[in-house]
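Accompanying notes for the structure given below.
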Amino acid sequence: MGQTKTTMSKVEMMDQYLESCGKDFGYEEVRHIVQSLFDIDLETKLVVFKEYLAPLSLDEQNEDIPVARVALEYYINQSKIELTGKETRNIIKNLFGINLEGISSLAGAKISIYSKEQWITQHEHDLFVVDTPIGDAEVRIYPTLFFKEKTGLELVPTELQQALAPLGYRYDPDHNWCYYCTPTGESVGHEFKVETIETIRQLILDLYNY
């Protein structure tokens, strides 16, 4: 896969790897490729949607085996169709709330993602952080240290505050972040996250395309 990394997206490389494993690929192959491409160890992640735990016999589970592994193995094995990379990513998204396709699309966007108390994607020259606490009902956006060093600005730039305001974000000067919370406490929707990311991406292209 070494020569393809410059021309293929991470999801394309994941698809290629799983296809090369044949139709009987399982948990170990999935964990390996997610770790290799996205630097995410699925065994350390909590299952987000508790209803997906219902079919599992957790009372009989070996305490040395992470619940994340038990859940992912179960749903891979229970799949009624021959799994593809896309279907595997959907299982991961349902179990852990980790959108690998969304992460792949952020390549070069200079946006870090901190979700559920762990870094999902982070690079040295990223300019802004999108931070969603456990539960996904809140979103916080703030500049990175690199942004502050590069621009000399300490606060969230006014242009970003204004760009995010139509989505419902407000600037919190006490924490120096743009903040959004769903009115009823439910998780923010996928489309809202996409709008947020695209708004930040466009601002970076317009003003901070270093």
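Some values worked out for this structure:
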item	result
Listing of helices (runs of 4 or more DSSP H) fully contained in region 136-210 that carry 1 or more residues being closer than 21 Å to Ile98 by Cα and either at pLDDT 95 or above or open to solvent by 50 Å² or more (accessible area, probe 1.4 Å) (or both)	190-207
Some residue of region 56-68 being in a helix (DSSP H, G or I), of a type in the set (Gly, Ala, Ser) and modelled with pLDDT under 85	yes
Residue that is at pLDDT 85 or above, at positive phi and open to solvent by 10 Å² or more (accessible area, probe 1.4 Å), where the choices are Lys110, Lys86	Lys110
Residue count, region 146-188 (criterion: within 21 Å of the chain's Cα centre (by Cα) and among the aliphatic types (A, V, I, L, M))	3
Residue pairs meeting the criteria (Cβ under 6 Å; at least 6 apart or on separate chains; first farther than 13 Å from Asp126 by Cα, in region 185-208; second of a type in the set (Phe, Trp, Tyr) and open to solvent by 50 Å² or more (accessible area, probe 1.4 Å))	none
Condition check for His123: part of a loop (DSSP other than H, G, I, E, B) and either under 22 Å from Leu106 (Cα atoms) or among the charged types (D, E, K, R) (or both)	yes
Lone unmet requirement of (1) open to solvent by 60 Å² or more (accessible area, probe 1.4 Å); (2) assigned to a helix (DSSP H, G or I); (3) at pLDDT 90 or above; (4) not β-branched (Val, Ile, Thr) for Lys93	(3)
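The values are calculated or read from the model by the stated rules, or taken from the named source; none is laboratory data. Since the model is a prediction, treat every value here as computed from it, not as a measurement. All Cβ positions, glycine included, derive from the backbone under ideal geometry; neighbour counts span all protein chains shown. Side chains included, ligands, DNA and RNA excluded: accessible areas come from the protein's heavy atoms. Shrake-Rupley method; radii C 1.70, N 1.55, O 1.52, S 1.80 Å.
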